[in-house]
Amino acid sequence: MESSEAERVLQGLRACLSGLQVMGTTMTKCFIDLAVCATATCALAGSACSHNGDFLTRYKSAVQSGFVQIPESLEIEELFGPADHFISSKNRNGLHDWNTEVFFEGRYRLLMQLEVEVDEPFSRVVRVAGEPEFHIWEVRKVDYYPSGQVGASFNGSKEVSFGRKEWDDLRNANGDLRAVGLSVDTSSVVGFDDYVKAVRKDRIEVRPD
């Protein structure tokens with residue numbers, strides 16, 4: 001898949017995301033649908049890269065460059081373990097969304113997003129353009145569908161979104177979720193690893209040096 005073709009497909013996915021955002025759904029349901037679209041976006045990126053090794057090299061270089069400018073991406077790993085780091089297609093502002101996502105404690109999903117500017121060859125993050133936004137969801141149960149797909153239902157009463165100040169509080173509390181108003185459940189959800197594997201299966205792994 002050529003880069004221009006990949007971009008056209010990604011534009012279609014952006015339309016998908018825009019449509020989901022205006023649907024009359026709960027935040028939990030919306031997040032599930034958005035997660036499906038995000039995974040599809042990464043799958044398409046992976047497909048494009050598999051046919052264009054040069055693009056894959058440049059994409060990984062862009063993500064690597066972001067670690068230097070986005071310290072929260074590494075702080076998340078220090079607190080909660082290995083995370084996924086990926087750059088989504090351009091948004092309505094003409095910028096790209098940086099995503100760092102981690103699954104931990106057998107039931108929690110944390111996502112950090114912020115806008116970044118990437119150079120034209122897509123090999124380097126040249127500027128962080130926004131403030132980080134953090135979201136934490138608690139998985140209530142893992143869902144297995146007849147199609148073989150694996151999804152999850154979330155505990156709507158334990159969803160929280162916050163900014164940099166609250167992140168600093170959470171970091172200073174060594175990752176204790178009570179710092180952002182969540183009660184902690186240390187029991188693992190049955191099938192959580194299957195759910196994580198399903199979400200991650202098409203993502204391009206880029207690890208910090």
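Each value in this text was obtained by applying a stated rule to the coordinates, not by laboratory testing. Model, not experiment: these values are computed from the prediction. Using ideal geometry, Cβ is built from the backbone for each residue, glycine included, and neighbour counts are taken over all protein chains shown.
For the reader, a short list of remarks on this structure follows.
- Amide H contacts of residue 129 (H built 1.01 Å from N, under 5 Å, at least 5 apart or other chain): 115, 116, 117
- For residue 141, residues with placed amide H under 5 Å, excluding near neighbours: 153
- Sequence-distant lysines (8 or more away, or on other chains) whose Cα lies within less than 22 Å of residue 165: none
- Taking a ≥ b ≥ c as the square roots of the eigenvalues of the Cα gyration tensor, segment 141-209 is oblate, since a/c reaches 1.5 or more and a/b is not larger than b/c.
- Phi-based couplings in Hz for segment 127-137 (Karplus 6.51, -1.76, 1.60; Gly and Pro marked x): 6, 8, 9, x, 8, x, 10, 10, 9, 10, 10
- Alpha-carbon centroids, segment 144-209 and segment 92-114: separation in whole Å: 10 Å
- Candidate aspartates and glutamates - alpha carbon under 13 Å from residue 90, same-chain residues fewer than 8 apart omitted: 7, 115, 117, 119, 120
- Inter-label distance, residue 69 to residue 201: 3.4 nm, where each label sits 7 Å from its Cα along the C-beta direction.
- Scalar couplings 3J(HN,Hα) for segment 107-124, obtained by applying the Karplus form with A = 6.51, B = -1.76, C = 1.60 to θ = phi - 60°, are 7, 10, 10, 10, 10, 10, 10, 7, 7, 9, 9, 10, 5, 4, x, 6, 10, 7 Hz; x denotes Gly and Pro.
- Global geometry of segment 65-209, whether rounded, prolate or oblate, following the gyration tensor of its Cα atoms and the 1.5 cut on a/c: oblate
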